[in-house]
1. Report the residue count in region 58-77 for those that are crowded, with 24+ Cβ neighbours inside 10 Å and under 8 Å from the mean Cα position of the chain (by Cα).
2. Could you give me the residue pairs with C-beta distances under 9 Å whose first residue belongs to region 201-213 and is more than 14 Å from GLN76 (Cα to Cα), whose second residue is open to solvent by 100 Å² or more (accessible area, probe 1.4 Å) wherever it lies, and which are 6+ apart or on separate chains?
3. Among GLN231, GLN248, which is open to solvent by less than 20 Å² (accessible area, probe 1.4 Å), within 25 Å of ILE268 (Cα to Cα) and part of a helix (DSSP H, G or I)?
4. Return the pairs, sorted by first residue and then second, in which the second residue is open to solvent by 30 Å² or more (accessible area, probe 1.4 Å) and of a type in the set (A, V, I, L, M), the first residue lies in region 215-238 and is modelled with pLDDT under 85, the beta carbons are less than 9 Å apart, and the residues are 6+ apart or on different chains.
5. Give the residue that is modelled with the lowest pLDDT, with candidates limited to residues of region 142-161 that are touching a strand residue (DSSP E or B) at 6+ places or on another chain (Cβ under 8 Å) and assigned to a loop (DSSP other than H, G, I, E, B).
6. Which condition number in (1) open to solvent by less than 20 Å² (accessible area, probe 1.4 Å); (2) farther than 24 Å from SER183 by Cβ; (3) in a helix (DSSP H, G or I); (4) touching a residue at least 60 places away in the same chain (Cβ under 8 Å) is the one that ALA266 fails?
7. Say whether the condition of being among the charged types (D, E, K, R), modelled with pLDDT of 90 or more and not in a helix (DSSP H, G or I) is met by at least one residue in region 191-213.
8. Tell me whether region 261-278 contains one or more residues that are more than 15 Å from ARG49 (Cβ to Cβ), over 19 Å from the mean Cα position of the chain (by Cα) and modelled with pLDDT under 95.
Amino acid sequence: MLDPPTPFGRSRRLAKFPDLRKGCGVTKHIDAFTAQICKVIVGKGESVRLAVACLLARGHLLIEDIPGVGKTTLSQALAHSLGLGFKRIQFTSDLLPADILGNSIFDRDEQRFIFHHGPLFSPVVLIDEVNRATPKTQSALLEAMGERHISADGITHELPEPFFVIATQNPQHQAGTFPLPESQLDRFLMRIEMGIPDRASERTMLLGEDRREMLGELQPVFPVEILRELQASVRKVHASAALLDYLQDLLDASRERHSTGLSPRAGIALLGAARAWAFMLGRDMVLPEDIQAVGMAVMAHRLGHDIEQPGGSGRTLAQNLLQSVPVP
């Protein structure tokens, strides 16, 4: 039965996605994917769902928290469950841009320089402790994450499709870290935090199977063709005029209360994430609650960050925006 009309139009469950409604339905694939990751990452269902929404929206994910709460484990669980080729890059202070992008080496047989791809040329790239590398190396990711290609020696090299960067970072007040500049933070569609698990979840981890062994047992949930189909379907999720008014009200309010506020690209990111969230719930249109659900993960790292607490001031600004801007 269809939901009643609202100012945002008529909410039809999967009406625009007939290819995914039966047999290999949307919820079947997404629920199986999420459930498998939650077997490894216990008690963090919201963080896992946000990570899945980021993937479906074709964004990049930043996971920030103290060491030992499962940042790298979540990244690896996502990669293993996708069935895509992936590379892990451990960022360190002595890492150079060529170490991740690749470089040109002279071939004596062909008497010319040949570009050899670096580990960034992988469908899924896990960047561990991204803020332990110098700004020079961090900046090497800007073009790749923003435009999905890199330039070397005047030649453009396309990256794989899909291309999904998952980066982890430690709090900035910890020793040996270099703050990510605003331009780099903006390349991440979402930033999420893991947090300390509740007692019941922690007890399950203490008594359960080793997480590293569980990662080795994970199998791909669906092939890359299904992932591409899901990502294409997310872009078709409808956003009504009233919904766009609400989104723009959030953007305007951020610019009035913050020195810079949210950019137009941030607005596009927020809409894309909300579309993915609605899609995961089986709807073909975005509702205000979808923006509310992903708003913190999309906006907080774009509004600033506190060196004393990961995302402190940015989270406060984002929370105030979501609470104060009237929902239609």
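1. Summing the residues that are crowded, with 24+ Cβ neighbours inside 10 Å and under 8 Å from the mean Cα position of the chain (by Cα) in region 58-77 gives 2.
2. Every condition considered, the pairs that remain are GLU202/ILE196; GLU209/GLU217.
3. Details: GLN248 fails: open to solvent by less than 20 Å² (accessible area, probe 1.4 Å).
Unique residue meeting the criteria: GLN231.
4. Hits for this filter: PHE222/ALA32.
5. Within region 142-161, the match that is modelled with the lowest pLDDT is ASP153.
6. Looking at each condition in turn, ALA266 falls short on (2).
7. yes
8. Yes, the conditions are met somewhere in region 261-278.
The values are calculated or read from the model by the stated rules, or taken from the named source; none is laboratory data. Predicted, not measured: the structure shown is a model, and the values here were computed from it. Every residue, glycine as well, gets a Cβ built from its backbone with ideal geometry; the counts of neighbours run over all protein chains shown. Ligands, DNA and RNA are excluded from the accessible area calculation, which covers all protein heavy atoms including side chains. Shrake-Rupley method; radii C 1.70, N 1.55, O 1.52, S 1.80 Å.
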